[in-house]
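These notes concern the structure reproduced below.
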Amino acid sequence: MSQRAARESGQVASESNALASACGRSAAALLSRQASDGFWCGELTADTTLESDYILLQLWLHQPRGAEWNPPTRGRIAKAARSILERQLPDGGFNIYHGGPSEINATVKAYCALKLAGLEPAGEPLRRARERILALGGVQAANSYVKINLSLFGLYPRKHAPSVPPEITVLPGNVLYEMSSWTRSILVPLSIVQARGANRRAPEGFTIDELLLPGVSLALPRRNGLAVLFHHLDRVFKVWEQRGSERVRGAAIREAERWILDRTRFTEGLGAIYPAMMYFIMALDALGYAEDHPDLVDAVHHFESLLIETEDRFIFQPSVSPIWDTAISAFALGEAGFADDPRMVRAADWLISKEVRRKGDWSVKRPATEPSGWAFEFANEFYPDIDDTAMVLLALLHARSSNPKAQAAAEQRAINWLLAMQSQDGGWAAFDVDNNWAVLNKVPFADHNAMLDPTCPDITGRVLESLCRRGLAGHDAVRRGAAYLLHAQEEDGSWYGRWGVNYIYGSFLAIRGLAAANVPDARDAIAKAARWLRAVQNPDGGWGESCDSYARDRFVSAPSCVSQTAWAVLGLRAAGEQDSKAALRGVQFLLDRQNPDGTWPELASTGTGFPNVFYLMYALYRDYFPLLALARW
């Protein structure tokens, strides 16, 4: 062997050893975090709005006596206030993603919460926050949900906050089910709160009038076209609230009450998400449920289960993510060669036990489909989601349960459910089919950017990979899904990512889906996407993308982070470019940044709740995605 060949052989062996060592350390670290029941569940955190809303909820539940407000939860309110203050930016505002600028809604919520908690308006924190709010357009620039919440306590004029009538539950044509599942679970309890909670007040003399920007109207913004019609309808709803038939309204409220109570059975809180659970508590209280009523006790218990509280921490999670974390962890471990580890059996058994076997809201449009699928949380039987189901099926390729017959049956049911949940355009959404009635984006309370659950490239790509690895590459659903992805590709070669930030996330999943489908027409699209990934690589060899890319409708670079680097590396690998300079530099970036204990550092917000409104930090993204990326080498 020549000296050059020997050197190259030694380099390859050294690199191979480094990869194997990194994967081994990563797998050991991940396995050490598995719960005894077999699942993984990392922290899922967001911004200060959750702690701010918690303080407002305490005002709802514990009304003041005149100017005095001394709730029994005063100690927790103080901890929530400290948690909020710790994240105040130098300019006085509060952001909605790590490294992001001050954002009006988060800052208005924080100001109100901190003032309620007892901070002096003349003090430095509130003075700076107030200045930032006025610079951002005043409270008038906040979105509908902020104004609705403030209006419940007389802190914003009720006539200028959108109405959410409980009659939405009795509208013909299943209009409620044309809204996204999360909007449904938020709006129905909120409609009860608005209809029956008009007697709530802030402490006497407490206002936030100092946040009003002089000369700017408080009225709902009048956009154009259908938005004007909905604006007039909102005025009609307000007249109806005052003068309408109590018999009709009472029937609508009773139906809304029935609806929300039904959807707290077999689940851990309404929708198993923070805002729906908060409004559910408020709705039951507004309806006169006693403090010790089992439904209200359960509601408070589930809500508080989202809280991470220690001596020096007070952080609410918007939800919990055990099925998601377990599925990706098990899949990454399996791809890394740990399929035979006995702990994978525990993971499979736990996942199989969590299969949804009851019909939920999705069945309104798919009544004949047998229930299956997996939710995101420990228990959320009304809302299994397509993304989690596809991911669990990928995990179960490697994780084999102690009951193979039960696993095979569950897998087949889940495959059938996924096929049935394909939308007409060929793509897949998160929870529903054909949830794309664009007219709903014009209603006054639609500015949370989440009225609909349309199909998206990231979920479609994952579903395609999942189905194809089950031998369905030639299925018509796969062909239609691939056609959807080809049509959805951006001009620059990337794909939009709805549930992860953003174009890097959408692109890596679309590439993997198309590569698995092995559609001849996809070759050029995959090559174009790979060129785009190479073009947006950072000089340090990693990749990073800002949440600001949603606001600008284009890729916005950010400092490299390990989860987004792993996604890019996985995309290049699926595109057949595992030996490219860009891919190898990405792998080296991951190797160089691994901690001695096998974990990786990351602070970036790389998960998406509602684009432009709410972003997420998954604590385990920084660990299982790099493992998955390195395992592919």
Of all the residues that make up segment 79-98, how many are free of Cβ contacts under 8 Å to residues at least 40 places away in the same chain and among the hydroxyl-bearing types (Ser, Thr, Tyr)? 0
Please go through segment 33-59 and give me each residue that is over 26 Å from the mean Cα position of the chain (by Cα) and outside any loop (DSSP other than H, G, I, E, B), ordered by number. 59
Can you run down the residue pairs with Cβ atoms below 6 Å, 6 or more apart or on separate chains, where the first is in segment 66-78 and closer than 11 Å to residue 203 by Cα and the partner is exposed (fewer than 10 other Cβ atoms within 10 Å of the Cβ)? 67/205
Say we look at segment 426-455 and pick out the residues that are in contact with a strand residue (DSSP E or B) (Cβ under 9 Å, 6 or more places away or on another chain) and outside any loop (DSSP other than H, G, I, E, B); which of these is surrounded by the fewest Cβ atoms within 10 Å (Cβ to Cβ)? 435
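Kindly indicate which of 418, 394 is touching a Ser or Thr at 6+ places or on another chain (Cβ under 7 Å), under 19 Å from residue 39 (Cα atoms) and among the aliphatic types (A, V, I, L, M).
394
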Residues in segment 520-533: is at least one within 16 Å of residue 481 (Cβ to Cβ) and either assigned to a loop (DSSP other than H, G, I, E, B) or not aliphatic (A, V, I, L, M) (or both)? yes
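Tally time: how many residues in segment 290-316 are closer than 20 Å to residue 54 by Cβ, of a type outside the set (Asp, Glu) and surrounded by fewer than 22 Cβ atoms within 10 Å (Cβ to Cβ)? Before the answer, list the steps.
Kept after step one, since they are closer than 20 Å to residue 54 by Cβ, are these residues of segment 290-316: 291, 296-316.
Checking the rest, the ones that are also of a type outside the set (Asp, Glu) come to 296-297, 299-303, 305-308, 310, 313-316.
Now restrict to residues that are surrounded by fewer than 22 Cβ atoms within 10 Å (Cβ to Cβ): 296-297, 300-303, 305, 307-308, 310, 313-315.
Number of matching residues: 13.
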Pick from 573, 554: which is under 30 Å from residue 50 (Cβ atoms), of a type in the set (Lys, Arg) and either at pLDDT 95 or above or in a strand (DSSP E or B) (or both)? 554
In segment 603-616, what residues are in contact with a Cys (Cβ under 9 Å, 6 or more places away or on another chain) and either within 19 Å of residue 109 (Cα to Cα) or surrounded by fewer than 23 Cβ atoms within 10 Å (Cβ to Cβ) (or both)? 603, 608, 611, 612, 615
When residues of segment 172-199 are filtered for being surrounded by fewer than 17 Cβ atoms within 10 Å (Cβ to Cβ), over 30 Å from residue 455 (Cβ atoms) and either under 32 Å from the mean Cα position of the chain (by Cα) or in contact (Cβ under 8 Å) with a residue 60 or more places away in the chain (or both), how many remain? 1
Restrict the check to segment 394-415 and report whether at least one residue is under 23 Å from the mean Cα position of the chain (by Cα) and part of a loop (DSSP other than H, G, I, E, B). no
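Looking for something among the hydrophobic types (A, V, I, L, M, F, W, C) and either modelled with pLDDT under 95 or crowded, with 24+ Cβ neighbours inside 10 Å (or both) - is there at least one such residue anywhere in segment 400-409? So that I can check it myself, show each step before the final result.
In the first step, residues of segment 400-409 are kept if they are among the hydrophobic types (A, V, I, L, M, F, W, C); the result is 406, 408-409.
Pick out the ones that are also either modelled with pLDDT under 95 or crowded, with 24+ Cβ neighbours inside 10 Å (or both) and you get none.
Looking for residues that are among the hydrophobic types (A, V, I, L, M, F, W, C) and either modelled with pLDDT under 95 or crowded, with 24+ Cβ neighbours inside 10 Å (or both), one finds none in segment 400-409, hence no.
Restricting attention to segment 515-540, which residues are under 25 Å from residue 618 (Cβ atoms) and within 28 Å of the chain's Cα centre (by Cα)?
From segment 515-540, those under 25 Å from residue 618 (Cβ atoms) are 515-516, 529, 532-533, 536-538, 540; that's our starting set.
515, 516, 529, 532, 533, 536, 537, 538, listed by residue number.
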Would you point out the residue of segment 276-319, among those that are touching a residue at least 24 places away in the same chain (Cβ under 8 Å) and polar (S, T, N, Q), that is farthest from residue 614 (Cα to Cα)? 305
Considering only residues of segment 81-97 that are touching a strand residue (DSSP E or B) at 6+ places or on another chain (Cβ under 7 Å) and part of a loop (DSSP other than H, G, I, E, B), which is farthest from residue 560 (Cα to Cα)? 96
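Being surrounded by fewer than 22 Cβ atoms within 10 Å (Cβ to Cβ) and either modelled with pLDDT of 95 or more or assigned to a helix (DSSP H, G or I) (or both): is that true of residue 626 here? Give the derivation first.
Working: surrounded by fewer than 22 Cβ atoms within 10 Å (Cβ to Cβ): no; either modelled with pLDDT of 95 or more or assigned to a helix (DSSP H, G or I) (or both): yes.
Considered against the rule, which asks whether it is surrounded by fewer than 22 Cβ atoms within 10 Å (Cβ to Cβ) and either modelled with pLDDT of 95 or more or assigned to a helix (DSSP H, G or I) (or both), residue 626 comes out as no.
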Which members of segment 574-588 meet the condition of being touching a residue at least 24 places away in the same chain (Cβ under 8 Å) and surrounded by 23 or more Cβ atoms within 10 Å (Cβ to Cβ)? 574, 575, 586, 587
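Is it fair to say residue 102 is buried (at least 17 other Cβ atoms within 10 Å of the Cβ), outside any helix (DSSP H, G or I), among the small types (Gly, Ala, Ser) and at pLDDT 95 or above? Reasoning before the result, please.
On the way: buried (at least 17 other Cβ atoms within 10 Å of the Cβ): yes; outside any helix (DSSP H, G or I): yes; among the small types (Gly, Ala, Ser): yes; at pLDDT 95 or above: yes.
It is true that residue 102 is buried (at least 17 other Cβ atoms within 10 Å of the Cβ), outside any helix (DSSP H, G or I), among the small types (Gly, Ala, Ser) and at pLDDT 95 or above.
Restricting segment 304-331 to residues that are assigned to a loop (DSSP other than H, G, I, E, B) and of a type in the set (S, T, N, Q), which is farthest from the chain's Cα centre (by Cα)? Working first, answer last.
Within segment 304-331, the first condition is being assigned to a loop (DSSP other than H, G, I, E, B), and the residues that meet it are 305-306, 310-313, 317-321.
If we keep only those that are of a type in the set (S, T, N, Q) as well, we get 305, 310, 317, 319, 321.
On the way: 305: 18, 310: 24, 317: 11, 319: 8, 321: 10 Å.
Out of the qualifying residues, it is 310.
The values are calculated or read from the model by the stated rules, or taken from the named source; none is laboratory data. The shown structure was predicted, so the numbers you read here are calculated from the model rather than taken from an experiment. Note: ideal-geometry Cβ built from the backbone for every residue, glycine included; neighbour counts use all protein chains shown.
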